[in-house]
Amino acid sequence: MSRLPTGMNRPRAVLSLASVLLPLVPPAAAADAPVRTLGEAYAAALAASEAVAASEQSIRRAEALYRDALGSALPGISLRSQTAVEDGTRGRSETDGALRLSHAGLNGYRELAAVRGAQADAGAERFGRRRAEQLLLRDLAGAFYGLLQAREDAAVIAELQKLAERRQKELVERVRVGRSREADAIAQEFQVASLQAQYEESSRSAAARVDLLAHLTRRASIEAAAPSSSATATDRGLESYIGRVEDRPDVGAGRLAVESARQGVKAAQGERLPELALQANRYTNRPARRERVKWDAGLTLSLPLFSWGAGRAAVDAARAAA
């Protein structure tokens, strides 16, 4: 069986495998097809993973929230129709309709921060999905290579057990004819029993890893085969691994989470700034007494003065989160 180099740092090996397997995952095969290679196991596990599926939905939610924040920051257009009945009009009603352009909060501060924060959240969720894929690969590779190792150990122990049993028979015969001590035969019997225990332990370990692979891939048949030596990753040293830490998806997600929290502080501070609201109407129909007015526009400036400390509390909470 081909093994990873003895000196390879395990996280570095997982990252190397992920960089190779992630772009080259084959299409998912039939549910009853046997799993022979790590690539086949990974493709099946990706299709069956609930964590990856949940991460995909988190990405969709974050992207939808980003589009919502962006849409809220842009002007809105609506078609309005209003019917009014006033006292003294003897039941007559007046109806007017208008095409309205409106936008509230034209300070360009709070809205921009909300959009940037939502964009950072969406990026963090995409990194989160990549991290979920890498964690799945780590668990899968550990089970896959652990199965190969356990099977190899069991085969080696079985051969040693045969030799030990043969030696035990020879010692029993030598004791019978008086050429060896009985203690030598007893010690050899203990050696045979110890090898039997090791063999059973390796067999149980292999069976457990088969069950884990079957659970992760949702496949009933696991026929893991040792990879060729050309597929074995090479160790580039600790410095190379440390240098690639910034490429880890969880590190990227953490960086964007910090950016989102900082934008949350700006958005909370924007709630305490003056707000400018614009509204313009282009009327499609108006009552007779107002038919000469075809359009109107309004500009409203509001300045928050007192909110029982709610605004300050929101800023403090955002800063604590950041």
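Bear in mind that the values in this text are calculations on the coordinates, not laboratory data. Since the model is a prediction, treat every value here as computed from it, not as a measurement. Here the Cβ positions follow ideal geometry from the backbone for every residue, glycine too, while neighbour counts run over all protein chains shown.
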Efficiency of FRET from Cβ geometry, ARG218 and ALA277, R₀ 45 Å, rounded to 0.05: 0.25
In order through the range 134-140: 3J(HN,Hα) via Karplus (6.51 cos²θ - 1.76 cosθ + 1.60), integer Hz, x for Gly, Pro: 5, 5, 5, 5, 4, 5, 5
Long-range HN-HN contacts of VAL35 with modeled amide H, under 5 Å: SER221, ILE222, GLU223
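If each residue of separation counts as 0.36 nm, what is the full-extension length gain between THR300 and ASP211 once their alpha-carbon separation is subtracted?
Values: separation 89, 0.36 × 89 = 32.04 nm, distance 6.71 nm.
Going from the current span to full extension adds 25.3 nm.
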Extension gain (nm, one decimal) between ASP250 and ALA320, 0.36 nm per residue minus Cα-Cα: 23.1 nm
Local electrostatic count, ALA317, Cβ distance below 15 Å [Lys/Arg +1, Asp/Glu -1]: +3
Charge tally in the Cβ shell below 14 Å around VAL265, where Lys, Arg are +1 and Asp, Glu are -1, VAL265 excluded: +4
Separation in nanometres of the label points that stand 7 Å from Cα toward Cβ, at GLU200 and LEU101: 8.4 nm
Extended-chain gain in nm, criterion 0.36 nm per residue less alpha-carbon gap, ASP184 and SER307: 35.2 nm
